[in-house]
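J.: Dropping the structure in here first, questions after.
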Amino acid sequence: MKHYVGSCEYKWTHVGSPMEKLWIQRAVGNELYTTVEKNNWCWALKHTKAFSIPGDIYCHCEIFVELPDANQSTLFLLKYSDIIITDKVY
């Protein structure tokens, strides 16, 4: 299952670089970021042009976490109860 966990905006030049991970960690918080990384779950990112700042320089990134099975998904939702569930594939 795919879960929406937040969004952020940063420069297009950071997409795919180590800096992108720092922006993601800042947006979702240290605890959630560490949990995802420790469990080797996948980040699913959707990049679009930024809304409030120049879209040719900055991107808007919607951050999702992909979990491999329903059991892990249930435990994840219990721990992070403010997360939105989605099955959309980008």
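The values are calculated or read from the model by the stated rules, or taken from the named source; none is laboratory data. Treat the numbers as computed from the prediction; the structure is a model and nothing was measured. We place every Cβ from the backbone using ideal geometry, glycine too, and count neighbours over all the protein chains shown. We work out accessible area using only protein heavy atoms, side chains counted, and drop any ligands, DNA or RNA first. Shrake-Rupley method; radii C 1.70, N 1.55, O 1.52, S 1.80 Å.
J.: Calculate one ³J(HN,Hα) per residue across the stretch 13-21 by plugging θ = phi - 60° into the Karplus curve 6.51 cos²θ - 1.76 cosθ + 1.60, and present them in order as whole Hz with x for glycine and proline.
T.: Listing the rounded values in order: 5, 8, 4, x, 9, x, 5, 4, 4 Hz.
J.: Sticking with this structure for a sec: Could you quote the convex hull projected area for the chain, Cα atoms only and averaged over all directions, in nm²? Show your work: numbers first, answer last.
T.: Numbers: hull surface 23.2 nm².
The number I arrive at for the chain is 5.8 nm².
J.: Let me ask something else about it. Using +1 at the C-beta of Lys and Arg and -1 at the C-beta of Asp and Glu, which of Trp43, Thr13, Thr74 has the Cα lying farthest in the positive direction of the dipole of the chain?
T.: Of Trp43, Thr13, Thr74, it is Thr13.
J.: Follow-up. Would you mind checking which residues have amide H under 5 Å from Gly6's amide H? H placed 1.01 Å from N; only 5 or more apart, or other chain.
T.: Ile63
J.: Quick one: Cα centre-to-centre distance for the stretch 58-74 and the stretch 16-43, in angstrom?
T.: When both Cα centres are located, 11 Å separates them.
J.: Between Ala50, Ala27, Ala70, where does the largest GNM mean-square fluctuation fall for the chain, given springs only between Cα atoms within less than 10 Å?
T.: Of Ala50, Ala27, Ala70, the most mobile in the Gaussian network model is Ala70.
J.: Report, to the nearest whole %, how much of the accessible area of the chain belongs to carbon and sulfur atoms, 1.4 Å probe, protein only.
T.: 55 percent
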